[in-house]
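So the structure is just underneath, and the comments pick up after that.
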Amino acid sequence: MYLTKEEEKMLNGEYGWAISKALKVIVSIGESLDAEKLINISHAHISGVSYGNIGEPGRKLIKEFADSGVKFSVKATVNPIGYDTMDYDSMPFTKIDRTYLKGQEDILMSLKKMGANLTLSCTPYYLPEVNYIEKGSSVAWGESNAVVYGNSVLGLKTNREGGPISLMAAITGKIYYYGLHIEENRIPNTRYVIRRPDDYELNEVRVGIIGEILSKLHNNEKPPFLDEYLNNDTLVKELSASLGAAGNIAMIVIKGITPQKIDENKLKETVIIDYNDIKIREEEIKPSEVPDIIYFGCPHANKDEIEKIANQLKNIENVKSQIIITTSREQISKVRKEVLSMLKEKNVRLIGDTCLIVSPFGYKGLSIATNSYKAYFYLSKKGMNVSLISIDSLKEVLKS
Ligand code: F3S
């Protein structure tokens, strides 16, 4: 791999062992992928920081870097952890013991020492600091839904980096020139059309299923082109998460949303997704009873979703299901006070910094309904009884 003189100095330890160690990892992965060179990044989103996932080896590695005195070379945000930092007991059916707490606090302190913004959210794309990154910039993001959203909506360039790579990229400010950092790899050649009658509207559940279908159908390395305008951000977010969970698509060009201009005449083929296939899947995974838990906020709920959920609950007296919403501190700060009090009155758990999948949540006997295909995918894998519902159907589900 070609390295500049500066990169060679970094690699040879002239800027300290931490930068050298981190760059060695990036260079060796880059070489294994046949990347021709390194490029600068403008931002890193670091995933894989939950003590529950990385345990002692991960904690020690991050601490070792922090103790060396190295600072991140670029702005860095951080993915969710295993609990709510303001109330570690707030997630039902979840036990956080002292070892877990201590280990996690240590990881967070180390990341902060290196300069991370402890956002603890998987929706970095809602942060003003991320929205100011110039379109077309390369970044190193390590959360699959954010990767798809960043590439497809914000016009950023990132591959789907693993947690350790996003950390090494934050330290060095570099990543290998490969995959979606290369302009020509971002040009789609297959168009997907959703054939549906006008009265079959898309919602979070349906776009999640579309993500599942696309992940099975799309078998080339170029991003798919979705010939369907998604008229709200929740739909785009849930499609991004579904694509990230069900397969390995890291970018989708969405008509009217993806900033990059494409010549539709150059698309090589058109594939039809019939709405009947979406309907069949929807039937298969709808709830058959009033769920014990109703979960929203995977990826972390935005302010509008939180207010929409509250609106659905307004006139329901006795909410029998335990409703859980996971989100970021930044979005909670935008929700109106009266909405927050109303959610509290209805015993809705509005939880920051974590989610049902990253936290050690687990109780196999319960039924869970969610509007997120990604949550459905991972919670089902844990052996839980999961179904899908949209926010708009919440009132109906609770009354049934
Ligand atoms: Fe975010 Fe957790 Fe879902 S990290 S994307 S809420 S699995």
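What does the accessible area per residue of the stretch 203-334 come to in Å², with a 1.4 Å probe and no ligands, DNA or RNA counted?
Computed with neighbouring chains in place, this is 44 Å² per residue.
Using a 10 angstrom cutoff on alpha carbons, build the Gaussian network for the chain and name the most mobile of Ser372, Ser215, Ser387. Ranking Ser372, Ser215, Ser387 by mean-square fluctuation puts Ser215 first.
Three semi-axes describe the equivalent ellipsoid of the stretch 286-399; taken as square roots of 5 times the Cα gyration tensor eigenvalues and ordered largest first, they are 21, 17, 11 Å. What is the stretch 303-387's relative contact order, in percent, from Cα pairs under 8 angstrom and six or more apart in sequence? Relative CO of the stretch 303-387 lands at 26 percent. For the chain, the alpha carbon convex hull comes to 139 Å³ per residue, rounded to a whole number. Comparing mean-square fluctuations of Ala246, Ala35, Ala375 from a GNM of the chain with C-alpha springs under 10 Å, the top value falls on Ala35.
In terms of accessible area, using a 1.4 Å probe and ignoring ligands and nucleic acids, Met86, Met1 rank largest first as Met86, Met1.
Just the accessible area per residue of the stretch 5-181, please: how many Å² with a 1.4 Å probe?
42
In the chain, the calculated helix contribution to ellipticity at 222 nm averages -11500 deg cm²/dmol per residue, counting -39,500 (n - 2.57) for every DSSP H run with n ≥ 4. Taking amide H positions as modeled 1.01 Å from N, with prolines and chain starts lacking one, the residues under 5 Å from Val78 and 5 or more places away or on another chain are Ile46, Thr119, Leu120, Ser121. Membrane-span-like helices in the chain, defined purely by DSSP H runs whose alpha carbon atoms cover 15 Å or more axially and whose average Kyte-Doolittle hydropathy reaches -0.5, are 17-32, 204-217, 233-246. Residues within the reach of a label modelled at Lys395 (point 7 angstrom out along Cα to beta-carbon, backbone nitrogen below 16 Å), restricted to the stretch 271-313, are 307-313. Using a 1.4 Å probe on the protein heavy atoms, what percent of the accessible area of the chain belongs to carbon and sulfur? For the chain, the apolar C and S fraction of the accessible surface comes to 48 percent.
The values are calculated or read from the model by the stated rules, or taken from the named source; none is laboratory data. Just so you know, these numbers come straight off a predicted model, no measurement behind them. Glycine also receives a Cβ, built like all others from the backbone with ideal geometry; neighbour counts cover every protein chain displayed. To get the accessible areas, we keep the full protein, side chains included, count just its heavy atoms, and leave off ligands, DNA and RNA. Shrake-Rupley method; radii C 1.70, N 1.55, O 1.52, S 1.80 Å.
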